[in-house]
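Scroll down for the structure; my scribbles are underneath it.
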Amino acid sequence: MRNLKISHKLVIILAGFIIINFIIIMVSIRFITRGALGEYFQSDLMAKSDTLTSGVMRMKEEALKSVEWFEKSERLIGHVKAGNRKAAVELCKTAMKSMRLDYIVITDTRGNVFIRAHEPEKFGDSIINQANIKKALKGERSVGIEEGKVVKFSVRAGSPIIENGRIIGAVSAGYVLSSLDFVDEQKKNLGCDITIFHGTRRISTTLMKEGKRIVGTSLEHAEIIDTVLKEGKPYYGEATILGKFYFTAYQPIVDVDGRNAGIFFIGKESDIVNTMVSTMMKYLSVIFLLMGGGFIVAIIFVIKKLLSSKLEELDRFFLDLAQGKGDLTRKMEISTMDEIGTAMARFNDFLDSLRGIITMVKENSVQLAQSSDEITRATTVFSDNSQSQAAATEEITATIEEVAAGMDNIAEGAEYQHGKMEDLMSRINDLTAIIRENAGYIRDTVDRADSIESQAHEGEKSLKDMNLNMGKITESSKDMLNIVGIINDISEQINLLSLNAAIEAARAGESGRGFAVVADEISKLADQTASSIKEIDRLIKSNNEEISGGMAKVAGSIEIISSMISGVDEIKKMIDRVYETTSHQIETNESVNREALAVKQKAEEINFSAQEHKTGVADIVKSVFSVNELTQSIASGAEELTSNSEEIAAMAETLRAKVAYFTVE
């Protein structure tokens, strides 16, 4: 089923639909027709049942009219009065034939039979027990259905024979209902089977079994017996008789006493309905099959004409597109704007959108590669500057360590001088010799102070240069942050474009699976780019923060060194004064004594300043070490940034190579 063409599938579905509908329609028609025919035949049977009972009523009326005629017949009165049986028989036979009566009976006033026109040889017996005779001898006319010993049911009308106001006999005439002739005639007239039940026993019927009438059998349907005989109501419905289904109507036979003495049955086999339905179904089946076949042929022609050709054209286009090595410049030719034509137009629009997306992705991949190259170059320069700065920082560290060592010597000398000032005061007499000796020391101290001052100036200049370089690094970091922002925007655009491409590929279904794979690869590359850019941004910001901290510390170091230079300059001046004072002490002892006291005081100041400078130099050393560590961290971050930039460049190249598969121009 999967490998069939759509036209074949549609034909199969249509054929199945027609067959199912054919079955449903035929079954429905069968049930509906059978039900309708059943209702029709049942209604017809009810009407015929009414016709039968109406016929019995007419028989009663005819019988009553006949006895009324006999009642007024002077000839009959004369024959009865004269006892002329033969003449009376001939007259009654003629009347019976003319009036189509089944029998005529004349009795005397005691109810003894005078003549039987239908059986002339039988006479003299008493029928006084018959209701119509009893009423006639009492001067009443009557008619009704009566039971008899021989004739089980008959329509009997009775009337008195009156001469000059005196009853001289009675006449009874009517029709036999329980005879086979009656049921056969009714079957001929009504076209249905007829049965007369005496009670529940069949006494006359047209129903046959094995060629014989089923006279003497009994009615076995309890519901019918209860309805008709007990309740005196007619029964209509289907019943099983001799193993066959019949549409039936049962009417009660009410005798002259108002008793339900028997049943009129009228029925018709329901097989006629099945036969009619089967015949009709055969004709309808042939008609529907011919119509369905013609309809299927017409639909096949329409499908071939309108659908298959367009679907084959679509198949050829998609096959060419799949085997065309990513050529997106082709378009489908649209001849009609039905559903298929609209779908083809929508697919052309999709190809236009996809072509624009691929073009944009190509351009963005080139820009991404260029941006990656710029980042790589910038990070390389940044890394080189960081390495240079680290080397300069190490040199500053070495210089400051030397300054620290000199400050230690100054501090020791100041402490030593302070200790010896007490001896100087007690040995003032030896001052001249000691001062001459100290003069040399002082000159050395001046030289050392000059050296310290020169080195401090150099350290101050290096720190200022380092601070300037750090400022440049900060500006470069800002430029890098801008570049990172641009790359991040490009990455987000690529990600959005890849998402749109994936959505369009999903709409294209199986044909867009290749586009979905490319879009997924583009999305992954964009996500990796965004992740790397975020890491670069974090490293640059961290470096900026550390550089800012280092610049603050370097600025503090510059201030400390400037203060130290001022102190060294002050020390130099003080030593010059000590030297001058020592020269003057050679000339005068008193002056030496006074200056010695001053030297003691200055020595204390020198000692204090030396301790402060020593502490400041230690702080400078710590700051420089921090700057050095920060510079190393910056250099490491720059190397990592360079590596990430190279990865981005590789990703951009991969992206460019993948989208180069598609032809958009």
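The values are calculated or read from the model by the stated rules, or taken from the named source; none is laboratory data. The model shown is predicted, which means the values in this text are computed figures rather than measured ones. Positions of Cβ are backbone-derived with ideal geometry, glycine not excepted, and every protein chain shown enters the neighbour counts.
Listed values, structure above:
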{"item": "Residue check, Tyr246 in contact with an Asp or Glu (Cβ under 7 Å, 6 or more places away or on another chain), surrounded by 21 or more Cβ atoms within 10 Å (Cβ to Cβ) and either modelled with pLDDT of 90 or more or assigned by TED's automatic domain parsing to the domain that holds Ser178 (or both)", "result": "yes"}
{"item": "Meets criteria (at pLDDT below 95 and farther than 16 Å from Lys60 by Cβ) for Asp125", "result": "yes"}
{"item": "Criterion (within 60 Å of the chain's Cα centre (by Cα) and under 23 Å from Met46 (Cα atoms)) met by exactly one of Glu231, Glu185, Glu238", "result": "Glu238"}
{"item": "Pair list, Cβ under 7 Å, 6 or more apart: segment 64-75 residue farther than 17 Å from Gly174 by Cα, other residue assigned to a helix (DSSP H, G or I)", "result": "Arg75/Leu91"}
{"item": "Count of residues meeting criterion [among the β-branched types (Val, Ile, Thr) and over 60 Å from the mean Cα position of the chain (by Cα)] in segment 241-262", "result": "3"}
{"item": "Qualifying residue in segment 436-443 (condition: at pLDDT below 70, of a type in the set (Ser, Thr, Tyr) and either assigned to a helix (DSSP H, G or I) or touching a helix residue (DSSP H, G or I) at 6+ places or on another chain (Cβ under 8 Å) (or both))", "result": "yes"}
{"item": "All positions within segment 181-194 that are under 21 Å from Lys149 (Cβ atoms) and touching a strand residue (DSSP E or B) at 6+ places or on another chain (Cβ under 6 Å)", "result": "Val183"}
{"item": "Residue match in segment 562-577 (condition: in contact with a Ser or Thr (Cβ under 7 Å, 6 or more places away or on another chain) and either at pLDDT 70 or above or not in a helix (DSSP H, G or I) (or both))", "result": "no"}
{"item": "Meets criteria (surrounded by fewer than 21 Cβ atoms within 10 Å (Cβ to Cβ), in contact with a strand residue (DSSP E or B) (Cβ under 8 Å, 6 or more places away or on another chain) and part of a strand (DSSP E or B)) for Ile224", "result": "no"}
{"item": "Strands (runs of 3 or more DSSP E) contained in segment 108-163 and holding at least 3 residues of a type outside the set (Phe, Trp, Tyr) and under 26 Å from Gly262 (Cα atoms)", "result": "142-147, 153-163"}
{"item": "Leu180 being at pLDDT 90 or above and either outside the structural domain of Ala88 (by TED's automatic domain parsing) or surrounded by fewer than 17 Cβ atoms within 10 Å (Cβ to Cβ) (or both)", "result": "yes"}
{"item": "Set Lys60, Lys48, Lys97: member being more than 18 Å from Ile133 (Cα to Cα), surrounded by 14 or more Cβ atoms within 10 Å (Cβ to Cβ) and either modelled with pLDDT of 90 or more or not hydrophobic (A, V, I, L, M, F, W, C) (or both)", "result": "Lys48"}
{"item": "Single unsatisfied condition, Ala456 versus (1) surrounded by 16 or more Cβ atoms within 10 Å (Cβ to Cβ); (2) aliphatic (A, V, I, L, M); (3) modelled with pLDDT of 75 or more", "result": "(3)"}
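Yes/no per residue for (1) at pLDDT below 70; (2) out of contact with any strand residue (DSSP E or B) (no Cβ under 7 Å at 6 or more places or on another chain); (3) assigned by TED's automatic domain parsing to the domain that holds Val518:
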| residue | (1), (2), (3) |
| --- | --- |
| Leu328 | yes, no, no |
| Met332 | yes, yes, no |
| Ser335 | yes, yes, no |
| Asp338 | yes, yes, no |
| Ala343 | no, yes, no |
| Ser353 | no, yes, yes |
| Ile358 | no, yes, yes |
| Asn364 | no, yes, yes |
| Leu368 | yes, yes, yes |
